[in-house]
Amino acid sequence: MKILVINPGSTSTKMAVFEDETPILVRNIVHTPEELADFDDVIEQQDFRKQLVIDELEKAGLPVAFDAVIGRGGLVKPLEGGVYEINDLMVQDTHSGIALHNHACNLGCLIAHEIAADIPNCRNFIADPGVVDELNDYARISGSPLMNRICIWHALNQRAIARRYADEIGKEYEDLNLIICHMGGGISVAAHEHGRAVDANNALDGEGPFSPERAGSLPAADLIRLCFSGKYNEKQLLKRIAGKAGLNAHLGTNDVKEIIRRIEDYGDKHAELILDAMIYHVAKNIAAESAVLCGSIDAILLTGGLARSEYVVSRLRKRIGFLAPVRCFPGEDEMEALALNALDVLRGKRQAKVYM
């Protein structure tokens, strides 16, 4: 089976070609700010990014002929986890603005759908998008009936890591209780109970620990006062929640390696305070999920780019190691996870779900 994988991010488009489980082409196409400045809206980048993917295939001498094309899922309606066949409604919802945010991941299904449409007998999918919602009833309730809790989290990578860990210990993901923390530009923490993420935060725009680029949970009354202060417009305030927030707002950079260099080489006490505060809040949120699982935790799994940092991981272990064994899976398995999800459907091991 030949599978094309497409994973659009804010400043890059990752692509890969798999023959069954084996990657035969992997590319990370970086988009400069100058290139993207020509587009007023992320959705307008569809043709531009699609053509770059086709160009990479041509450079590698690979024909545009696949059994399936799978894209990173976008921020559309809340969905149960799994693999979804891309249909006209999903494309329509992505274009119509039903998507919760104008994020580059929304391009995944659009580009996959368009490429697959030109290939005979080629299927097109998304899998475990960031809007996967399997929350239990308690988790949806907030302190105001005007606002229910929603989750936007790293569902694809968290679930891939969960299955990888389960394989390593000779068990099924569906048999385990896990707390998984993905640490990247945003940080998501989820409680996985027997194959369902029954509690997870909105890691994109306003809940959980602060991160390199996100503000996380904020004092609600202070935020309301800031909204009416006249100092900022709506767009500026949204940037203060996602983008110019977290470590970036406090320290002027989202690069944790650079922050650690300031601490270790220059004795920067302010940088140390802010970074250690982020780690403190990550640990606190992980510990909170232990209550969701009533203390029955098989393991805590750390993943994402920050899981490569011994500084971060060692301090997290110190605070959460008493809860359960802590395992580290640095980086992301998103490209392989997407390919394997598509492969399972093509081989009949799993059924593709219908977006409705």
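Quick one: of Lys77/Lys284; Lys50/Lys235; Lys244/Lys284; Lys171/Lys284; Lys77/Lys244; Lys2/Lys239, which pairs are farther than 32 Å apart, Cα to Cα?
Lys2/Lys239
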Computed E for Ser217/Lys318 - FRET, C-beta separation, R0 22 angstrom, nearest 0.05: 0.45
Value of [θ]222 nm, deg cm²/dmol, for the chain, DSSP H segments ≥ 4, -39500 (n - 2.57) each, nearest 500: -11500 deg cm²/dmol
Fully extended contour minus Cα-Cα distance, from Leu89 to Ser144, at 0.36 nm per residue: 16.6 nm
Chain lengthening between Lys77 and Arg225 when straightened (0.36 nm per residue, less Cα-Cα): 50.2 nm
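Extension gain Gln51-Glu19, at 0.36 nm per residue separation less the Cα-Cα distance, in nm? Could the numbers behind the result be given before it?
Numbers: separation 32, 0.36 × 32 = 11.52 nm, distance 2.20 nm.
Contour length minus the Cα-Cα distance gives 9.3 nm.
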Computed FRET value (nearest 0.05) for Lys349 with Tyr280, which takes r as the C-beta separation and R₀ as 41 Å: 0.45
log₁₀ of I(q)/I(0) at q = 0.10 Å⁻¹ - the chain, Debye sum with one point per alpha carbon: -0.63
Under 20 Å from the Ile29 label point (7 Å along Cα→beta-carbon), backbone N, the stretch 100-121: 103-120
On Cα atoms only, tilt of 107-117 relative to the major axis of the chain in degrees: 10
Dipole magnitude (debye, nearest 20) for the stretch 289-356, charges at Cβ of Lys, Arg, Asp, Glu: 160
Heavy-atom accessible area order for Glu289, Glu193, largest first, 1.4 Å probe: Glu193, Glu289
The chain - charge dipole about Cα centre, Lys and Arg +1 at Cβ, Asp and Glu -1, debye rounded to 20: 1020
Residue of Gly81, Gly195, Gly170 that the Gaussian network model of the chain assigns the largest fluctuation, springs spanning Cα pairs under 10 Å: Gly170
Normalised convex hull volume, the stretch 211-356, alpha-carbon set, Å³ per residue: 194
Cα-Cα pairs of the stretch 262-306 separated by more than 17 Å (percent): 50
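The values are calculated or read from the model by the stated rules, or taken from the named source; none is laboratory data. Nothing here was measured: the structure is a model prediction, and the numbers come from that model. Methodologically, a virtual Cβ is constructed for each residue, glycine included, from the backbone with ideal geometry; neighbour enumeration extends over all protein chains shown. The accessibility values were calculated without ligands, DNA or RNA, using every heavy atom of the protein model including side chains. Shrake-Rupley method; radii C 1.70, N 1.55, O 1.52, S 1.80 Å.
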